[in-house]
1. From Cα pairs below 8 angstrom and at least 6 apart in sequence, can you work out the relative contact order of the chain, rounded to a whole percent?
2. Using θ = phi - 60° and the Karplus form 6.51 cos²θ - 1.76 cosθ + 1.60, what ³J(HN,Hα) does each residue of region 299-305 get, whole Hz, x for Gly and Pro?
3. What whole-number distance in Å separates the alpha-carbon centres of region 90-157 and region 1-39?
4. Quick one: pull the percent of accessible area on the chain belonging to carbon and sulfur, 1.4 Å probe, ligands and nucleic acids left out.
5. I'd like the Karplus ³J(HN,Hα) series for region 122-137: coefficients 6.51, -1.76, 1.60, θ = phi - 60°, whole numbers in Hz, and an x wherever there's a Gly or Pro.
6. Please build a GNM for the chain, connecting alpha carbons under 10 Å apart, and tell me which residue among Arg330, Arg197, Arg30 fluctuates the most.
7. Can you tell me the accessible area per residue over the chain, all protein chains present, probe 1.4 angstrom, in square angstrom?
8. Which whole-angstrom value gives the distance between the alpha carbon centres of region 271-302 and region 161-224?
Amino acid sequence: MPALPLFPTTLVGSFPQPEWLIDRARLAGRFPPRVRAAELWRPAPEFLARAQDDATLLAIREQADAGLDILTDGEIRRESYSNHFATALIGLDLDNPGEALDRSGHPNPVPRVVGAVSRPRPVQVADVRFLREHTDRTVKVTVPGPFTMSQQAQDDYYGDPETLAYAYAEAVNAEVRDLFAAGADIVQLDEPYLQARPEPARAYGVKALNRALAGVVGTTAVHLCFGYAAIIHERPSGYSFLPELADCACDQISIETAQSNLDTSVLKHLNGKTIMLGVIDLSDPAVESVDTVVERVRRALPHVAPEKVVIATDCGMKYLPWESATGKMRAMTGAAEILRRG
């Protein structure tokens, strides 16, 4: 992995998809898809892959032009952060989906588990190779975590939620290994449902994560958040599940602090972990001042060493206007420059 400066900057994962690629109003007017939602894409099927490549190149360029140190592919090819990977697995009936409550408490169509869950082939290896081909900076790729996927499914096969989570963990483990082999510098597991469902998370969430990371060689991260600000409007002031991640095998933990005005003293429980510190408010398209971002970072520094901080967005930028996203990235890099000077 290329050497990184103090206070490196990155996205949590997603960058806004352009209007010519996806129907953004239709995307924002529904809950994040857990099964496939092909109707969201604007190009005809025969042109879609090329259009996604073109939009991914734009996302990579915008991150680089803004000065980010760690780049993602913007998750441009995904209808949601989780369904791209989750629906590529076998053991699922996607034509006759089940139903599960989203973290908002509303029912949402989800994959229905009808057999042993497994990964028949790599899902995102081509995406990593594409990203690696178009930048020489540090690159990160995201994968939905096993606990979250198990909560976003209807189990008609295992009859035990913990066993289902472990099956997803095996699929994620195989994918993470292949992503590192394909050139990823950092692989991030997105686990928002650890926060949304703290009781089962405490029972087996970290165990599932550690199974997903078993034997993996490379820098790994886990992202927890309170949900997309465009969908979930009320933010608690603290995490219901976070100190428990001290026992996770991951190297980095990604949290949000801006939208919730999080009490950053909770970070003292994660000693030894690098903190991907969310300091960009995604509930407001207005671009924060550089000084505001600097102060949000400094709130955490009494509880985590500067060399253990990565400056990031609170969550994915998927629902933000393009111009807002580019401005917020520049606010992060401007803040990093100030913080590096002491």
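1. Contact order relative to length: 19 percent.
2. Here the 3J(HN,Hα) series is 4, 8, 5, x, 10, 8, 5 Hz.
3. Comparing the Cα centres of region 90-157 and region 1-39, I get a distance of 15 Å.
4. Roughly 50 percent of what the probe reaches on the chain is carbon or sulfur.
5. x, 9, 10, 4, 5, 5, 5, 4, 4, 4, 4, 5, 10, 7, 9, 7
6. Residue with maximal mean-square fluctuation among Arg330, Arg197, Arg30: Arg30.
7. 38 Å²
8. Cα centroid to Cα centroid, the span is 25 Å.
The values are calculated or read from the model by the stated rules, or taken from the named source; none is laboratory data. Please read all numbers here as calculations on a predicted model, not as lab measurements. Note: ideal-geometry Cβ built from the backbone for every residue, glycine included; neighbour counts use all protein chains shown. Side chains included, ligands, DNA and RNA excluded: accessible areas come from the protein's heavy atoms. Shrake-Rupley method; radii C 1.70, N 1.55, O 1.52, S 1.80 Å.
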